[in-house]
Structure formats: C-alpha cells, structure tokens
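So the structure is just underneath, and the comments pick up after that.
The values are calculated or read from the model by the stated rules, or taken from the named source; none is laboratory data. Only a predicted model underlies this, so the values are computations on that prediction, with no experimental measurement involved. Quick reminder, even Gly has a Cβ in these numbers, built from the backbone with ideal geometry, and neighbours come from all protein chains shown. Calculation scope for accessible area: heavy atoms of the full protein, side chains included, ligands and nucleic acids excluded. Shrake-Rupley method; radii C 1.70, N 1.55, O 1.52, S 1.80 Å.
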Amino acid sequence: MTDNNAASDKEKVVTKYDRKMQKRKEEARKEAKRRFITKWVCIAVLAGVILGSGTAIGLKLNSIYNDYIEVDNDKISQIEFDFYYGIAKTNSLNTTLYGSMTYGDYYTSYMGYKTSQSDKSQEYSTDYTWYDFFANSAVSTIKETKALLKDADANGFTYDNEDADYDEFIGKLKDAANKADTSYSDYLKQMFGKRATEKRVKEFLKDYLKSTAYQEKLTETLAASDSEVSAYYEDNKDTYDKFEYRMFKVKAESSDSSDMANAKETANSFASGVSSELDFINQCRKFAEAGDDTYADDAASLVTETKKSNIEEACADWIASSDRKEGDLTVIEDDDNTCFYIVYYISRSYDGSDDDAIKSTLLNQKYSEYIKKYTDEYSVNVKKRFSYK
C-alpha cells in the first residue's frame, strides 16, 4: 500500500494549468520560427511585392533534385523551390503592414490563416490555397533573385562579404532554432522544406545572399535625390499636406427629404452668421443641442494637423482644393450620413515629416522599373504543381 502511494506521488498529475502552459510553450516556439528575420530577407518587399513561403511534400529523396518548375528556361528543383518558398513565406509573414501589425498578423487575424496547419489544406480563395499564394510569391522571389544576379554579373559586381554573410546567416538560423527550442536540422526543415539540410541549400543560400548584397548596392544608386523628393511632393501635395479647419455638423432626424431640408436650413442659418473664426466658435455654442456644453471649449470645433485621407469624405475635396484660402466657408451635404457640415477653412501646411516616406516610394518605383526589364521577360512553367497567377 505504501509502495503504491509512493509510486503515485511520483506520477505527474497533468492539470489544466499544465496544459495551458504547454500550449503557450508550443505557441512561443512557433512564434520564434515565424519571427525569424535577418537583414537579407528583403527581396520583393522593396519592390512592393508581397512574398510568401511553404513546403511541397511527398517526393522521394532521389527525386528532389529533379525539375520542379522552370523559370526563364532554367530548371528549378524541388529542393531549390522549397528553399525560396521558405524565404518568401518568412518575408511575407514578417513584412510590416501598418504600425506594429505585420502581414502575418493580418493573415491570421482577418483572413483565417493558421500557421499550425498545412498551407495546402487552407483555402485562400475559391480554387486557390495558401500554398498557391505563397508558391506564387516564391516564383516572384526566384525571378527577382535571377534578375539581380544577372544584373550583378553584367555590372561586374564583386561580392567580397560572401563567406562572412553566409556564416552570419547560418548563425542567426542556429540562434533562432535555439530560441524555438528545436534542433538546428529540424529548424532548417521547418524553414526550407522537409528535405532541407545545410549542405543541400548552401548553393541557393549563397546565390540569395549575393543577390541581396547587390540589391543593397543597387538601391544606393537608385536612391531619390532631394530635387526628386521635392518634385514628387509638389505633384502629390494633397496626400502629404496637413490641414487646419473648423467644422460643425447638423444631423437630420432621418433621410426623408423634409428632414434633410430642415437640417439644411439650420446649417445655412449657422453659416449666415459667420464672417470670422470667432463667429464660427460662437455659432457652435448657439446651435449646439440643449445641454451640450461641448463647445464651451473654443477648440472643440477645431481640426488640426489632419491629412486629406482622414477628413470626412464629403468634405475632403473642398478642404484640399488648391483654391482654398483662409476664411473660406461652406455648407456641405452628406446624404450617406444624413447630415450637413459647416466648414471654415484656416490653412494647409507641410513640415517635411513625410520626406522619408516619399524617398521610399520613389525608390520602390525606380527599383521596380529597373528590375522589370528582366522579370517581365522571364517565362514560368510550373508543370501544374500549383495554381500560378
């Protein structure tokens, strides 16, 4: 009896808390893999192309070097394709979409993509899986890599840091494997396909690293000048300028024509009493609904530092018009929201804070045009292994 109790005491009781912690640990491993980024995982993001990845499975070991697809009449083997699939997918998942949100965050939160499931088993759209999506991105990566290598050779580019970059990349892979609590060999397979080993992907990795090294040099050459930035800003002022104005909204009781007519009459009455900014402030207090002390504050109707994209759609074009001058006043009808806006224009300005964004936009455009002279000419034969678009 005592021996049985002792044995029982030694057994680990798996509680709900234990299962919860184990699940968190597994999720942390997956996240460590997904978040693997190096300075080299950048091809096609520069050109504004969303990349992806994945792994084709089920081929026998003796067939992995056989022709899988063809790009520009060059045979791409299964092992090479899987390598670029992994590069492309990692790139796609970790590319920033907005603020701190990545495309990976967007795919999982809004498109139902699950990193825990096979890409081939998940529908991206009708007759198109996530594997197809990432495989197409892999083809884009292969095409761009080939284009960069061809251009590098044509321009006599010498890759002096090849060995150092390769060792650094491998070191980062090993560090990532360690953080994901998995073996280096298993991590390579997770990243670059079931048949991947360092020896098998070494040649492709070195080509990829050379292409990204040349891309870095190329983008230095293509970087936008100050005069180009200035010219682009002048052509796109409405996108980058910030506006200052005052606004008051009169809401109709319903969309009925009579109610809209009453709201319009109120809005026009408001506007008729405005000949200065101070008048507008006072009118806000006068026309505010009973008990609404919002406009006790002089700044309540004031909108500042606002870009056109953030202005109410019904008012944006009027406010951003090049004809606007300080003191302009109008009443704007918004049928979609059954209301009228009284708008008092003050100013527009640009502080240069978007210069870097403009430089990035111009670089993307120039780089895309430059590399397309190769990629647009590349034929692709996918041999019906995935849906190519």
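Going out from 0 in 10 Å bins, what whole percent of all Cα-Cα distances in region 218-367 drops into each bin?
Histogram of Cα-Cα distances, whole percents per bin: 11, 32, 28, 15, 10, 4, 0.
Using the alpha carbon gyration tensor of region 236-324, what are the three equivalent-ellipsoid semi-axes (square root of 5 times each eigenvalue), largest first, in whole Å?
Ellipsoid half-lengths, sorted descending, are 24, 18, 12 Å.
Residue by residue, what Karplus-based ³J(HN,Hα) values in Hz, rounded to whole numbers, does region 179-184 have, using 6.51, -1.76 and 1.60 with θ = phi - 60° and x for Gly and Pro?
After applying 6.51 cos²θ - 1.76 cosθ + 1.60, I find 5, 7, 6, 9, 6, 4 Hz.
Past the 25 Å Cα-Cα mark, which pairs from LYS174/LYS194; LYS308/LYS372; LYS114/LYS206?
Exceeds cut-off: LYS308/LYS372; LYS114/LYS206.
Give me the distance in nm between label points sitting 7 Å out from Cα along the Cα-to-Cβ direction at SER258 and ASP376, one decimal.
So the label points at SER258 and ASP376 sit 6.1 nm apart.
Can you flag which of LYS143/LYS307; LYS189/LYS210; LYS172/LYS359; LYS75/LYS366 are past 32 Å Cα-Cα?
Beyond 32 Å between Cα atoms: LYS143/LYS307.
Probe of 1.4 angstrom, ligands and nucleic acids ignored: what's the accessible area per residue over region 243-325, in square angstrom?
About 60 Å² of surface per residue is accessible.
Once R0 is set to 30 Å, what does the formula 1/(1 + (r/R0)^6) return for the Cβ-Cβ distance between THR306 and THR126, expressed as a FRET efficiency to the nearest 0.05?
Step by step, r from the Cβ atoms, then E = 0.15.
Once Lys and Arg get +1 and Asp and Glu get -1 on their Cβ, which of SER254, PHE287, SER360 lies farthest toward the positive end of the dipole of region 247-389?
SER360
Under the 0.36 nm per residue contour assumption, what length would be gained going from the current alpha-carbon distance of ASN178 and TYR350 to full extension?
Stretched out fully, the ASN178 to TYR350 stretch lengthens by 57.2 nm.
Report, in debye and to the nearest 20, how large the dipole of region 239-389 comes out about its Cα centre when Lys and Arg carry +1 and Asp and Glu carry -1 on their Cβ.
Charge dipole of region 239-389: 1320 debye, to the nearest 20.
Considering every Cα-Cα pair within region 92-205, what fraction, in whole percent, is farther apart than 22 Å?
51 percent
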